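Encoded as structure tokens, the structure appears first; notes follow it.
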Amino acid sequence: MSRSGSVLFVVYGATGDLASRRLFPALHSTLDADDGSLVLGVAKGDLTDADLQQTATASLVAAGVADGAAVEWARRRVRYHRAAEDGSVGSLADRIARLEAEHDLAGNRIFYLALPPTAFAPVIDALGTAGLHRASGWVRLVVEKPFGLDLDSARRLNDLTHRWFDEGQVYRIDHYLGKETVQNLLVFRFTNPVFEASWNRSSIDRVEITVAETLDVGTRGRFYELTGAIGDILQSHLTQVLTLVAMEPPPAFEANAIRDEKVKVLRSIRGIPERAVVVGQYGEGSIEGAPVAAYRSTDGVAEDSRVPTFAAVRLWIDNWRWQGVPFYLRTGKAMSRRLTEVVVTFRPPPICFFHAGPDDCVTHSNRLFLTLQPDEGFALHIEVKDPAADNAVRTIPLRFSYDELAQIPDAYHTLIGDLLDGDQTLFVRGDETEEAWRLFAPTLSYDLPLHEYPAGSWGPPEANRLLPDGTDWATMR
Ligand code: BG6
């Protein structure tokens, strides 16, 4: 598939946060400037084309586009359609046909569902029932995350989607895959044999992956009550990073070959028992000097909510490469620092030559820190002789920082470009979503203690109990 001619880009949820923060700027920079492609926003509000054009203009200006250019782009490109109350799409189909004829479009259509997870199924079914899954050009369906809220709902959603759309038409978004530094995990691994040769159980002691946010749940209480940290980040963003860290080299660098390898990793992960999961919820606290209210006081959140805003797990990949190497994953909202990082701890030397005292080895394990955001880059911690003292060893970092290379593009810019080009490599395949839920859905029904942690901390200290005795999470400070 490829970007052949103009497209009608239908955005369901066009008045929502995602559309204004991410989609309009990405569409502005990726839609071909001269081919007449249009964006048709769909939502429930009683708005006009001019209203949505104003929203689009404001969103472009906020993203740094000059006022005049933003107004002109929105006027030429953006239209609005009010969704029917009963969910039917007959009038949408008529509007699409009219716009395609008036603007002499090529008949290519994208349906982008920037909607809450419970709204995906009815819209997909309505599109299919009305025959909108086929057109004179190509048709692509984009579904935001989370894809399903547990294994059953993910399966049902896949079945329904496949009733109307071929898998080759379906683009499930996990925007972490659009991040340059997440893609760099593959480049890092498969172009640097020096690391790949030791990327296995013989050399690696453990792997930790953290997605920590300083953001609290803010205005998204209703959404978050449905997903919690497990549905929102653990089974999606964290799992995607995990599969890229752990997968085998694919036979070819192409969408299905890569996704096959990712699925194999997920299938090799042992079921996660209750003792390997720690969950928490933030109470009140402060972040960067500003007070933050407890999760339970957020709009749309039940006063006695037991939805976790923090989750940590230990898991094992039962395959030849990783047998015996623990992987530790954690994520939390309202934490003390924004950080997405993979830390690989290598095995210590088999014999210690350098001691501070008779039983006190001064050599540390080598560590590789792959920082995906912010301060994108990596650091390899190695041991050198400390010139200041006999027999003393000191850890020093060898560092690389991405900002030495270029400005990093926004993930949505990359993903929408690929979507227009018909490249599914950075989108999640149906079986991946089900395998991820197969792993994490059981944890949703565990009767786990919910540890409260103050907003602005590193989450509940109980998460340390997953790690080897006496160790702490190896975040680079
Ligand atoms: C979204 C989650 O998918 O990712 C949000 O729904 C989270 O809860 C966001 O804040 C984090 O994205 P980023 O790109 O800021 O790390």
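Just to verify a result, which residue in segment 196-216, among those that are aliphatic (A, V, I, L, M) and farther than 26 Å from residue 310 by Cα, is nearest to the ligand (Cβ to nearest atom)? Let's see the steps before the verdict.
Step one: list which residues in segment 196-216 are aliphatic (A, V, I, L, M), which gives 197, 204, 207, 209, 211-212, 215.
Cutting the leftovers down to farther than 26 Å from residue 310 by Cα gives us 197, 204.
Working: 197: 31, 204: 26 Å.
Only one residue fits best here, namely 204.
When the residues of segment 398-420 are filtered to those that are out of contact with any Gly (no Cβ under 7 Å at 6 or more places or on another chain) and either without any contact (Cβ under 8 Å) to a residue 40 or more places away in the chain or closer than 21 Å to residue 260 by Cα (or both), which remaining residue is surrounded by the most Cβ atoms within 10 Å (Cβ to Cβ)? Out of the qualifying residues, it is 419.
So in segment 217-238, with the set limited to residues that are in a loop (DSSP other than H, G, I, E, B) and open to solvent by 40 Å² or more (accessible area, probe 1.4 Å), which one is nearest to the ligand (Cβ to nearest atom)? Steps first, please.
Of the residues in segment 217-238, the ones in a loop (DSSP other than H, G, I, E, B) are 217-220.
Next, only the ones that are open to solvent by 40 Å² or more (accessible area, probe 1.4 Å) stay: 219-220.
Details: 219: 11, 220: 7 Å.
The residue in question is 220.
Of all the numbered requirements in (1) within 19 Å of residue 219 (Cβ to Cβ); (2) in contact (Cβ under 8 Å) with a residue 40 or more places away in the chain, residue 263 misses one, and that requirement is (1).
Residues that are aliphatic (A, V, I, L, M), farther than 30 Å from residue 166 by Cα and within 18 Å of the chain's Cα centre (by Cα): which strands (runs of 3 or more DSSP E) entirely in segment 363-436 hold 1 or more of them? Show your work before the answer.
Working: elements: 367-373, 377-385, 393-401.
Per the criteria, 367-373.
Here residue 289 meets the list (1) at pLDDT 95 or above; (2) over 25 Å from the mean Cα position of the chain (by Cα); (3) more than 16 Å from residue 466 (Cα to Cα) almost entirely, failing just condition (1). The requirement of being touching a Leu at 6+ places or on another chain (Cβ under 9 Å), open to solvent by less than 30 Å² (accessible area, probe 1.4 Å), at pLDDT 95 or above and part of a helix (DSSP H, G or I) is satisfied by residue 120.
Of everything in segment 1-48 that is surrounded by fewer than 20 Cβ atoms within 10 Å (Cβ to Cβ) and of a type in the set (A, V, I, L, M), the residue that is modelled with the highest pLDDT is 47.
Does residue 189 satisfy being of a type in the set (D, E, K, R), closer than 20 Å to residue 38 by Cα and either within 16 Å of the ligand (Cβ to nearest atom) or open to solvent by less than 20 Å² (accessible area, probe 1.4 Å) (or both)? No, not satisfied.
On the basis of being open to solvent by 40 Å² or more (accessible area, probe 1.4 Å) and more than 20 Å from the chain's Cα centre (by Cα), does residue 353 make the cut?
Working: open to solvent by 40 Å² or more (accessible area, probe 1.4 Å): yes; more than 20 Å from the chain's Cα centre (by Cα): yes.
So residue 353 passes the test.
One residue stands out in segment 157-186 among those that are among the acidic types (Asp, Glu) and closer than 30 Å to residue 406 by Cα: the one that is farthest from the ligand (Cβ to nearest atom), namely 180.
Do you know which residues across segment 242-260 are more than 20 Å from residue 320 (Cα to Cα) and either within 16 Å of the ligand (Cβ to nearest atom) or open to solvent by less than 20 Å² (accessible area, probe 1.4 Å) (or both)?
The initial filter retains those residues of segment 242-260 that are more than 20 Å from residue 320 (Cα to Cα), namely 252-256.
Correct list: 255 only.
Checking segment 348-366 against the condition returns no match, with no residue being under 20 Å from residue 212 (Cα atoms), assigned by TED's automatic domain parsing to the domain that holds residue 455 and more than 16 Å from the ligand (Cβ to nearest atom).
Can you work out which of the residues in segment 164-183 that are outside any loop (DSSP other than H, G, I, E, B) and without any contact (Cβ under 8 Å) to a residue 60 or more places away in the chain is most open to solvent (accessible area, probe 1.4 Å)?
First pass over segment 164-183, keeping only residues outside any loop (DSSP other than H, G, I, E, B): 164, 167-172, 175-178, 180-183.
From what's left, without any contact (Cβ under 8 Å) to a residue 60 or more places away in the chain: 164, 169.
Details: 164: 57, 169: 15 Å².
Only one residue fits best here, namely 164.
Considering each residue of segment 49-79, count those that are of a type in the set (Lys, Arg) and open to solvent by 60 Å² or more (accessible area, probe 1.4 Å), and give that number. Number satisfying all stated conditions: 2.
Can you confirm whether segment 80-87 contains a residue that is surrounded by 19 or more Cβ atoms within 10 Å (Cβ to Cβ), touching a strand residue (DSSP E or B) at 6+ places or on another chain (Cβ under 7 Å) and within 17 Å of residue 139 (Cα to Cα)? There is no residue in segment 80-87 that is surrounded by 19 or more Cβ atoms within 10 Å (Cβ to Cβ), touching a strand residue (DSSP E or B) at 6+ places or on another chain (Cβ under 7 Å) and within 17 Å of residue 139 (Cα to Cα).
The values are calculated or read from the model by the stated rules, or taken from the named source; none is laboratory data. In this text the structure is predicted, and so the values were computed from the model without any measurement. Note that we place each Cβ from the backbone using ideal geometry, even for glycine, and neighbour counts take in every protein chain shown. We work out accessible area using only protein heavy atoms, side chains counted, and drop any ligands, DNA or RNA first. Shrake-Rupley method; radii C 1.70, N 1.55, O 1.52, S 1.80 Å.
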